[in-house]
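Shown next, in structure tokens, is the structure this report addresses.
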Amino acid sequence: MSELDNSPRPAATPADTAPGRPFLSVRDLRIHFETDDGLVRSVDGVSFDLERGRTLGVVGESGSGKSVTSLGIMGLHRSSRARISGEIHLDGEELIGADPDRVRRLRGSRMAMIFQDPLSAMHPYFTVGAQIVEAYRVHHDTDRKTARTRAVELLDRVGIPQPDRRVDDYPHQFSGGMRQRAMIAMALVNNPELLIADEPTTALDVTVQAQILDLIRDLQQEFGSAVIIITHDLGVVAELADDILVMYAGRCVERGPAEQVFHAPQHPYTWGLLGSMPRIDREQTDRLIPVRGTPPSLINVPSGCAFHPRCPYADLPEGGITRTERPELRLVPAGSRAEGEDGGPHWSACHLSPEDRGRIWTEEIAPKL
Ligand SMILES: Nc1ncnc2c1ncn2[C@@H]1O[C@H](COP(=O)(O)OP(=O)(O)OP(=O)(O)O)[C@@H](O)[C@H]1O
Ligand code: SF4
Ligand SMILES: [Mg+2]
């Protein structure tokens, strides 16, 4: 495959990030919205680190706060009725308290997002090409012709047929799937060091899905970019992610190396997701272990463990603790980890003892998957 870009930034080396400092660090991120019905706690204390060259997969049911978290990292909640707290460090630079102009400059140059809704990212009054050219020229001192060549190249890479002609179309002349691909081209045009891809392949057919995932992988290999991929498709996560973060009701309930989360998951909600989510790596459409019930209101989040009204094991931990005390994320002990796998710490927020979790997983859940 041709290189993603023939001009700008040199490939990153591990030395580009100060030793011991992750490229992206999110600490106790809270994003609440004031509404007429009450305060919506969309994101309520999420923390994680992401190194260059690594991919974090974020999974969770609809409404768990995945998109709000991503938009928060991109600094895109500033104009709404959002209350944001916590810290977001990009290569050591704090973003929540930063000047909005500074964050705008970083967006598009050092960090970019593939939005879940392609229409929200493209302006209806400008041609697709003009928007990609503009995104490129904002961050590169180059003439329009060079930028247009770059736009056509990117449209080609994301699978738009006849890109040299379609570059002059307006967004409404594109189908939904093509608009999504054009938006992906726009997000990748500057080879971002941090790429957040929010359900990047849902509207696309399988062949194009594979092309897009290849493109993201190429970007990462060439430039050592850090990638966050949000998806309902555990097959995509299994293929791309080094680490997985499981969100429930605006919080992280499990986080760890992908191998650990797949082979020795430590949270009843993750068990439910593994049993009910579609996976492209297996022929299985039945919901084996459906997550019963529906996600909670983020205005009245259940007390204690937010998952307790839906959890089949809520009565197991002693003294009804599950309904009164919120379980904090705790390190999974070495004895509970999948054998022969490593890759970093594994965290879970559940009151079940490690022994109970291990027994339920091995005896009840794993055999059914
Ligand atoms: N501007 C806003 N004002 C009020 N509530 C909001 C706002 N934006 C998002 N929410 C609420 O925050 C919660 C989390 O939304 P979010 O879009 O992050 O979910 P998600 O995990 O991305 O779901 P999906 O998988 O459907 O994309 C939802 O309950 C949503 O209604
Ligand atoms: S803390 Fe209790 S309710 Fe929550 S996931 Fe664990 S067992 Fe289920
Ligand atoms: Mg979303």
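Reported count of residues in region 35-67, each being acidic (D, E) and within 17 Å of Y248 (Cβ to Cβ), is 2.
When residues of region 159-194 are filtered for being under 19 Å from the mean Cα position of the chain (by Cα) and hydrophobic (A, V, I, L, M, F, W, C), how many remain?
So in region 159-194, the residues under 19 Å from the mean Cα position of the chain (by Cα) come out as 180-181, 183-188, 191-194.
Now narrow it down to the ones that are hydrophobic (A, V, I, L, M, F, W, C): 183-188, 194.
Total meeting the criteria: 7.
Selection of strands (runs of 3 or more DSSP E) fully inside region 31-137 by the criterion of at least 3 residues being surrounded by fewer than 21 Cβ atoms within 10 Å (Cβ to Cβ) returns 38-50, 82-90. Between G75, G97, the distinction of being more than 25 Å from T270 (Cβ to Cβ), modelled with pLDDT under 95, away from ligand 1 (no atom under 16 Å from the Cβ) and not hydrophobic (A, V, I, L, M, F, W, C) belongs to G97 only. Every condition in (1) of a type in the set (V, I, T); (2) more than 23 Å from G65 (Cα to Cα); (3) surrounded by 15 or more Cβ atoms within 10 Å (Cβ to Cβ) is met by T362 except one, and the failing one is (3). The residue list G319, G304 contains one member that is at positive phi and near ligand 2 (Cβ under 10 Å from one of its atoms), which is G304. Restricting region 292-335 to residues that are part of a helix (DSSP H, G or I) and not small (G, A, S) leaves a set whose member that is nearest to ligand 3 (Cβ to nearest atom) is R310.
Scan region 18-37 and report the pairs whose first residue is among the aromatic types (F, W, Y) and whose second residue is at pLDDT 95 or above and not in a loop (DSSP other than H, G, I, E, B), with Cβ atoms within less than 6 Å and a gap of 6+ or a chain change. Close Cβ pairs (under 6 Å, with a partner that is at pLDDT 95 or above and not in a loop (DSSP other than H, G, I, E, B)) amount to F23/A226; F33/V40. If you filter region 51-77 down to residues that are more than 10 Å from ligand 3 (Cβ to nearest atom) and touching a Pro at 6+ places or on another chain (Cβ under 6 Å), you find that the one that is nearest to G235 (Cα to Cα) is E61.
The values are calculated or read from the model by the stated rules, or taken from the named source; none is laboratory data. Model, not experiment: these values are computed from the prediction. Every residue, glycine as well, gets a Cβ built from its backbone with ideal geometry; the counts of neighbours run over all protein chains shown.
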